[in-house]
Amino acid sequence: MGGKETLKPLIELKDVSYTYPDGTCALKRVSIRIPEKSIIAITGANGSGKSTLLLIMAGLLDPQEGCVRFRGIDMKELGCKVRHEIGIVFQDPDDQLFAPTVYDDIAFGLRLLKLSEKEVRARVYEVARELGIESLLSRPPHRLSGGEKRRVALATTLVLNPPVLLLDEPFSDLTSYAAEYLMNLIVRLRDFGRTIVFTSHDVDIVAELSDYVYILAKGQLVAQGKPNEVLCNDELLSKAELRPPTPTIIYRELMGYGDKCPIKMSELLSILNKVTALHSHNE
Ligand SMILES: Nc1ncnc2c1ncn2[C@@H]1O[C@H](COP(=O)(O)OP(=O)(O)OP(=O)(O)O)[C@@H](O)[C@H]1O
Ligand SMILES: [Mg+2]
């Protein structure tokens with residue numbers, strides 16, 4: 001996130017409350033601003049309202065109270081026009097995949113746009129290469145492993161190249177190698193001007209990846225800020241039943257509580273390297 005221009009919210013939720021038809025209150029007076037060209041994390045315990053929040057941002061759920069704006073316009077006025085602008089990948093890939101083959105699932109949205117079959121094929125193969133799922137293209141999606149399904153579900157949205165991507169728990173089921181690859185891909189997308197909102201209860205990933213973090217607890221926003229401002233605040237984290245990132249825990253174990261608070265592995269390593277260099281200099 002850079003100058004003033006990027007701070008203008010692309011999506012804005014104001015005092016949004018949502019209750020499911022069975023009476024479960026999932027969100028209470030939540031206000032959120034999503035600036036353009038940024039990576040925003042929504043974190044919190046199970047059942048804290050992360051997925052509900054993403055569905056509301058996508059315009060798929062209509063809150064009973066509060067308002068949702070996209071580029072300053074009320075989401076209700078935009079109706080289905082917003083579909084081309086906001087792509088969502090659901091927490092459960094089975095909600096996303098329905099075609100007989102992986103190829104058809106990824107091609108589905110492109111075919112709706114009436115692209116030629118040649119163009120469809122080129123774009124399906126391009127995204128499949130990017131996500132390492134080329135070998136799965138002829139397989140039925142319901143027979144894939146959890147991690148494979150998650151990557152295919154991501155491909156069905158990425159292939160449409162929407163300016164906003166809402167990713168619900170995109171890292172669950174992924175090996176650490178695949179998760180690292182996805183983190184790099186998300187950073188590249190942001191650097192190409194995309195806006196990415198993702199949910200995760202993995203605080204280490206939130207620390208490594210996000211420009212800004214919102215923390216939910218029992219449907220309410222309990223904290224927001226830059227990752228290094230909120231992710232080592234034990235009081236805030238405990239309200240949301242979260243622990244600090246691993247580098248913070250290791251740092252405190254070795255050095256005690258100090259002014260510095262590394263939240264990323266690279267920050268911890270840089271501090272430890274400096275300390276080690278100082279020690280060997282003094283010897
Ligand atoms: N379709 C539904 N009908 C009724 N209640 C629901 C429905 N979907 C979610 N809820 C409830 O709404 C609350 C918020 O759920 P939500 O799925 O948004 O949480 P979450 O933070 O995404 O959780 P998780 O980390 O487990 O994915 C929970 O109490 C949940 O039980
Ligand atoms: Mg969820």
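Read the figures in this text as sums done on the coordinates, not as results from a lab. If you're wondering where the values come from, they're calculated on a predicted model, not measured in any experiment. Glycine gets a Cβ as well: all are built from the backbone with ideal geometry, and neighbour counts include every protein chain shown.
Among beta bridges identified by DSSP and lying wholly in the chain, the antiparallel ones come to about 50 percent.
Ordered by the number of other Cβ atoms lying within 10 Å of each residue's own Cβ, fewest first, T156, T24 fall into the sequence T24, T156.
Of the Cα atoms belonging to the range 107-242, the radius of gyration and Dmax stand at 17.2, 55 Å. Step through the table entries K239/K274; K8/K149; K76/K239; K37/K226; K81/K114, compare each Cα-Cα distance with 27 Å, and write down the pairs that go over it. Too far apart for the 27 Å limit: K239/K274; K8/K149; K76/K239. Absence of a disulfide-compatible partner, taken as no other cysteine beta carbon within less than 4.7 angstrom, is noted in the chain for C25, C67, C80.
Ordering T195, T43, T19 from the fewest to the most neighbouring beta carbons within 10 Å gives T19, T195, T43. For the peptides 223-236, 52-65, the ranking by packing is 52-65, 223-236, with the highest mean count of neighbouring Cβ atoms within 10 Å listed first.
Sorting the Cα pairs of the range 147-227 by distance into bins of 10 Å, from 0 upward, gives 16, 51, 29, 4 percent per bin. As a proxy for reagent exposure, F198, F90, F98 were ordered by neighbouring Cβ count within 10 angstrom, fewest first; the result is F98, F90, F198. Using just the C-alpha positions of the chain as equal point scatterers, what log10 of I(q)/I(0) does the Debye formula give at each q in 0.09, 0.13, 0.16 1/Å? Normalising to I(0) and taking log10 leaves -0.47, -0.93, -1.30. Here the Kirkwood formula, the inverse mean of 1/r across different C-alpha pairs, assigns the range 209-283 a hydrodynamic radius of 13.6 Å. Secondary-structure-derived ellipticity at 222 nm for the chain, considering helices only, amounts to -11500 deg cm²/dmol, per-run term -39500 (n - 2.57) for DSSP H runs with n ≥ 4. Think of each Lys and Arg Cβ as +1 and each Asp and Glu Cβ as -1; about the Cα centre, that makes the dipole of the chain roughly 660 debye. When only the Cβ of Lys, Arg, Asp and Glu is charged (+1, +1, -1, -1), the dipole of the range 10-120 relative to its Cα centre reaches about 440 debye.
For the range 1-143, a Kirkwood hydrodynamic radius built from all Cα pairs, placed in the Stokes-Einstein relation at 20 °C and 1.002 mPa s, yields a translational diffusion coefficient of 122 µm²/s.
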